[in-house]
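First the structure, in the form of structure tokens, and then the observations on it.
The values are calculated or read from the model by the stated rules, or taken from the named source; none is laboratory data. The structure presented is a predicted model; accordingly, all values stated were derived computationally and were not measured. Heads up, the Cβs are rebuilt from the backbone with ideal geometry, glycines too, and the neighbour counts pull from every protein chain shown.
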Amino acid sequence: MSAGRALITGGAGFIGFHLARRLVADGAEVVLVDDLSRGRVDGELRGLLGHVRLVEHDLRQPVPEGLLGDGFQVVYHLAAVVGVDRSTRDPGHVLRTNVLSTLHLLDWCARTEPETVFLSSTSEVADGAVHLGLGALPVPEDVPYAIPDPRLSRSCYALSKMLAESALLHGAPGTRVRIARLFNVYGPRMGSAHVIPQLMERMLAGVDPFPLYGTSQTRSFCYVDDAVEAITRLVRAGGDEAIVANVGNDREEVTIGELAERIFALHRRPARVEVREPPPGSPERRQPDLGELRRLTGFEPRCGLDSGLRRTFEWYAGGRLT
């Protein structure tokens, strides 16, 4: 599949920015769609805009005729509200935004007929099945959709991605569908809504005592450059059949306590660490089975956790937090 013309929804965000930069380097013509709800156009994004076109649009509204053009080989759908904090504070907004964005994008795709539509899904789609004993760890892609407690506000994020996956699998006839369930991707520009930047920002701010939530829980973190590599390979892989694949790094599973110690080693350890209970609904363990991704693409993660944390810390320590 040639580089061609690519559309990235949420292209000014975390993974969207890194993906856009990679596609430009590969020779693609790239259009970004974003409502800029994560903040302003910063220096890094401004530099990228010399090579891409940015269209400001809120996908909670239908895409107007002619706004984006057509002739796209691949549409990467990354636009979504993410993060446990956002899901907890305003779950209705998360559900409405993520579902409407997907449905409106698919309506636009039905008119313009791109060759491939890619969806950025989430490991949280599988967390419920594991919690209920319906799937083993490392978790494969074929576990059933399950929401253990629909009343829990954070469940709206997983539900929104389940609906998005179903919409692509059943509502995009004639289009190649690729879905990646991303497992704890991190790196520069990821904002402040996830555990790694939260720990780094607290440490840089000199917070003491230092709150640490769910220290015994384990995660497998994937550096963003590896995730982008996996995404680009997945889009090129296979034939016309729909593919759902886990994307992550299964080589280094660490506890949150161990993660904090590695981050402390980059700067300075606080005098006191206060161990607190994990957020409600947070899984005890999360690790992907990457067998399907390896079989289809030959992907192997290249960036180890210590190296990725160092690169991420250098970015946050540089004050580039928007």
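Quick notes
- Of the residues making up the range 259-281, those that are basic (Lys, Arg), without any contact (Cβ under 8 Å) to a residue 60 or more places away in the chain and in a loop (DSSP other than H, G, I, E, B) number 1.
- Selection from the range 201-247 of residues that are surrounded by fewer than 22 Cβ atoms within 10 Å (Cβ to Cβ) and in a strand (DSSP E or B): Phe210, Pro211, Leu212, Tyr213, Thr218, Ile243, Val244
- Residue match in the range 264-279 (condition: surrounded by fewer than 18 Cβ atoms within 10 Å (Cβ to Cβ) and within 20 Å of Val125 (Cα to Cα)): yes
- Considering residues of the range 1-37 that are within 17 Å of the chain's Cα centre (by Cα), in a strand (DSSP E or B) and hydrophobic (A, V, I, L, M, F, W, C) only, the residue nearest to Pro114 (Cα to Cα): Leu7
- The set of residues in the range 84-117 being surrounded by fewer than 21 Cβ atoms within 10 Å (Cβ to Cβ) and under 15 Å from Gln61 (Cα atoms) consists of His93, Leu95, Arg96, Val99, Leu100, Leu103, His104, Leu106, Asp107.
- Residue in the range 53-63 that is in contact (Cβ under 8 Å) with a residue 60 or more places away in the chain, surrounded by fewer than 16 Cβ atoms within 10 Å (Cβ to Cβ), basic (Lys, Arg) and farther than 23 Å from Phe183 by Cα present: no
- Every pair of residues 6+ apart whose Cβ atoms lie under 8 Å, when the first sits in the range 135-149 and is closer than 19 Å to Arg294 by Cβ while the second is small (Gly, Ala, Ser) and in a loop (DSSP other than H, G, I, E, B): Val139/Ser123; Val143/Gly135
- Scanning the range 112-129 for residues that are more than 15 Å from the chain's Cα centre (by Cα), more than 17 Å from His170 (Cβ to Cβ) and touching a residue at least 24 places away in the same chain (Cβ under 8 Å) returns Thr112, Glu113, Pro114, Glu115, Asp127, Gly128.
- Here the condition is being modelled with pLDDT under 95 and among the charged types (D, E, K, R); of Arg285, Arg268, Arg233, it holds for Arg268 alone.
- Scanning the range 185-194 for any residue that is out of contact with any Pro (no Cβ under 7 Å at 6 or more places or on another chain), buried (at least 20 other Cβ atoms within 10 Å of the Cβ) and part of a strand (DSSP E or B) turns up at least one such residue.
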